[in-house]
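A short write-up of the structure that comes next.
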Amino acid sequence: MLKNDSALVLFSGGQDSTTCLFWALKNFKKVRTLCFTYGQRHSKEVEVAQSIAQQAGVPFQLLDASIISHLSVNSLTSDIRMDEEQPEGSYPNTFVPGRNLLFLTFAAVIARSHGIYNIVTGVSEADYSGYPDCRDTFILSANTSINLAMDEQFKIHTPLMWLNKAEEWALADELGVFDIVRTQTLTCYNGVLADGCGHCPACKLRKQGLDSYLKIRNK
Ligand code: ZN
């Protein structure tokens, strides 16, 4: 058991945050979820998240963070088409500048109001995008800044930080939730549940990881 018995999980109903939710349930006595809305194109994400939280028996809190979609234009907060491939020397247009910094700050304020000092987020720097606010150095720095800002001792946990997608499937399996993660989560940018549309970047990445994990699993 990690120090302090409760945690707040940043939760979207996708593969990453669902794996994190069950990781948190294994490591903490009390767990809450916090889900942000910010002009996602699919309100289905919220329904999916709510339903998984309900099954897991944890409180689900929804926070309107739509201010983010008024700050800049990108494919997650507006109707512009997402990049199928990452542009060279740049981030894909699914990158929402400042998102994780704002989300972690909001999460810490809410966690504090519940007397919770562990925050769990599903960011990873081992795979894919290289979004700057998914890197370990950013998380450590945000953790320090948030602690200084509120004169508190929060601990931000990132159980997926060094896992590639295949290892993430292995973790879900180890936690006994492989099937829940496989069939009930929504990762697809086109809003298709479970294995998804099959051609958006999120689906391709998810499938690649799943295929390589299943090869090992079925040996
Ligand atoms: Zn897809």
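Things worth noting here:
- Atom-type composition of the exposed protein surface of the range 172-219 places 52 percent of the accessible area on carbon and sulfur (1.4 angstrom probe).
- With contacts taken as Cα pairs under 8 Å and at least 6 residues apart, the range 149-219 reaches a relative contact order of 27 percent.
- On the basis of the beta-carbon distance and an R0 of 22 Å, Asp136 and Lys26 show a calculated FRET efficiency of 0.50.
- Cβ crowding within 10 Å averaged over residues, with 101-110, 52-61 ranked highest first: 101-110, 52-61
- Simple spin-label estimate for Asp195 and Ala65 in nanometres, 7 Å along Cα-Cβ: 3.1
- Under a 5 Å amide H cut-off, with hydrogens placed 1.01 Å from N, Ile156 pairs with Ile119 among residues at least 5 apart or on other chains.
- Once backbone amide H atoms are built at 1.01 Å from N, Val31 has Ala7 as its partners under 5 Å, excluding neighbours fewer than 5 places away on the same chain.
- DSSP H segments from the chain that extend 15 Å or more along their own axis, Cα-based, with Kyte-Doolittle mean of -0.5 or above: 15-27, 44-56, 99-113, 136-150
- Over the chain, relative contact order from alpha-carbon pairs under 8 Å, at least 6 apart, %: 21
- Net charge contributed by nearby residues that have their C-beta within less than 15 Å of Ile216 (K/R +1, D/E -1): -1
- Of all beta bridges that DSSP places with both ends in the chain, some 0 percent have antiparallel geometry.
- Cα-based reach from Lys204 at 18 Å (exclusive), listing lysines while leaving out same-chain residues under 8 positions away: Lys165, Lys215
- Accessible solvent surface per residue of the range 138-182, calculated while the other protein chains remain in place, 1.4 angstrom probe, Å²: 48
- In this structure the range 1-71 gives 47 Å² per residue of accessible area when probed at 1.4 Å with all protein chains present.
The values are calculated or read from the model by the stated rules, or taken from the named source; none is laboratory data. Model, not experiment: these values are computed from the prediction. Note that we place each Cβ from the backbone using ideal geometry, even for glycine, and neighbour counts take in every protein chain shown. Remember, those area values only see protein heavy atoms, side chains included, never the ligands or the DNA or RNA. Shrake-Rupley method; radii C 1.70, N 1.55, O 1.52, S 1.80 Å.
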